[in-house]
Every structure is written in structure tokens, then in C-alpha cells.
1. What is the number of the single condition among (1) surrounded by 12 or more Cβ atoms within 10 Å (Cβ to Cβ); (2) within 14 Å of ligand 1 (Cβ to nearest atom); (3) on the phi < 0 side of the Ramachandran plot that residue 40 does not meet?
2. Which one of these does residue 34 not meet: (1) part of a helix (DSSP H, G or I); (2) within 18 Å of the chain's Cα centre (by Cα); (3) near ligand 2 (Cβ under 10 Å from one of its atoms)?
3. Inspect all residues belonging to segment 72-90 and state whether any of them is among the acidic types (Asp, Glu), assigned to a helix (DSSP H, G or I), more than 15 Å from the chain's Cα centre (by Cα) and closer than 20 Å to residue 44 by Cβ.
4. How about segment 72-128: which of its residues are farther than 25 Å from residue 57 by Cα and β-branched (Val, Ile, Thr)?
5. So which of 90, 69 is on the phi > 0 side of the Ramachandran plot, assigned by TED's automatic domain parsing to the domain that holds residue 49 and away from ligand 2 (no atom under 12 Å from the Cβ)?
Amino acid sequence: MGAVDDFEPGRLTNAILVSHFSLADCRDCGLCTRSCPSARHGGIDPHSLVNGLLEDRVDEDVWDCLLCYICEDVCPVSINLPQLVTRLRYRSSQEGCAPQRFVRGAQAFLKEGRGFPAGSRVAKTREELGLPPLPNGDRAMRELGKVVSRTRFSYD
Ligand code: SF4
Ligand code: SF4
């Protein structure tokens, strides 16, 4: 699991995801949802996500997931729900449905190598705190460029 090609659009149908993540093994124990910090506050319900996919639907907002991996830890059959969520997010973003806050973060990351703008205010705060200036990001940006190229990731 985890090859870049797993994110090919043709590999992201509900049926393939059900098979790839062995969702039919789900025991309906509900431990994932009972342990999920997002579900506790009205966010994603991972058990419902699994049940929906088994019926060829996505009922949950995958952008509400915190990717904390607690659900995978507690799942008695080791269903990797966070990895499933990342694929569903990828599919959602390819369909142009990613929330703006995520799009902005991705754009900043591609531009600066970090998910937030680090302008003069950040530099001043670091100086006041006695922290060194942020390192030159050239090398990180080169490495990021390779990742972007290999994954064909883009946000134009
Ligand atoms: S990874 Fe997502 S679905 Fe799983 S417990 Fe954390 S917030 Fe909930
Ligand atoms: S913890 Fe695993 S087996 Fe239990 S309901 Fe969630 S996905 Fe299914």
C-alpha cells in the first residue's frame, strides 16, 4: 500500500477503495467513532464513512478528519481509515471540492515550503523570542519540487 499510483484517479472509485482497504472486514463495533475526536464534536463519523462506502456512497465530510490515527489504533481489524480519508480527500480535491482553507494552505506550501506565510512579522517575532531566522528554503523547495513532480500534485 502507499504507492504514488494508488492516487491515480482510476484507482479511487468507491469499489476499489472498499477492496483496497478491506472495508468488508469491518465488525461494526463502532470503536472508531467512539474514539474519534472529530466525531465527538459533530465532525466526521468514521464508522458511518465505512458503512456508506460499503453501499457505494460517501456520507461523511472527509475534510473534517484530523488525521490523528486514533481510529486505526483502536480498530480490531486494522482498517486504515486515515489513509482512506487521504485518498477520498485527493478525489474530492480533483473534483474541485476542497475547502478554501485547505487550498490556501496547499498554495502557500507550494510557494514557500510551509503552510503559512512567514513574512516580516514572523521574522520580528522570532527575533523577539531569541530564535534564529528561518533557514533559507532553497534546498527544501528543490526537494519539494521533486515530490510535486513525482506526485503530479498541483493547485493552479
Ligand atoms: S483519523 Fe480522522 S476519523 Fe480517525 S479518529 Fe482521527 S479524526 Fe477521527
Ligand atoms: S473500529 Fe474498525 S471494525 Fe470497528 S466499526 Fe470502526 S472500522 Fe469497523
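The values are calculated or read from the model by the stated rules, or taken from the named source; none is laboratory data. Because the structure is predicted, anything quoted here is derived from the model rather than measured. Cβ sites come from the backbone with ideal geometry, for glycine too, and all protein chains shown count toward neighbours.
1. (1)
2. Unmet for residue 34, out of (1) part of a helix (DSSP H, G or I); (2) within 18 Å of the chain's Cα centre (by Cα); (3) near ligand 2 (Cβ under 10 Å from one of its atoms): (2).
3. Yes, segment 72-90 has at least one match.
4. Residues satisfying the conditions are 122, 125.
5. One residue alone meets the criteria, 69.
To keep it simple, each residue is scored yes or no on (1) closer than 22 Å to residue 16 by Cβ; (2) more than 9 Å from ligand 1 (Cβ to nearest atom); (3) basic (Lys, Arg); (4) not assigned by TED's automatic domain parsing to the domain that holds residue 12.
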residue: 35; (1), (2), (3), (4): no, no, no, no
residue: 44; (1), (2), (3), (4): yes, no, no, no
residue: 51; (1), (2), (3), (4): yes, yes, no, no
residue: 55; (1), (2), (3), (4): yes, yes, no, no
residue: 59; (1), (2), (3), (4): yes, yes, no, no
residue: 63; (1), (2), (3), (4): yes, yes, no, no
residue: 76; (1), (2), (3), (4): no, yes, no, no
residue: 80; (1), (2), (3), (4): yes, yes, no, no
residue: 85; (1), (2), (3), (4): yes, no, no, no
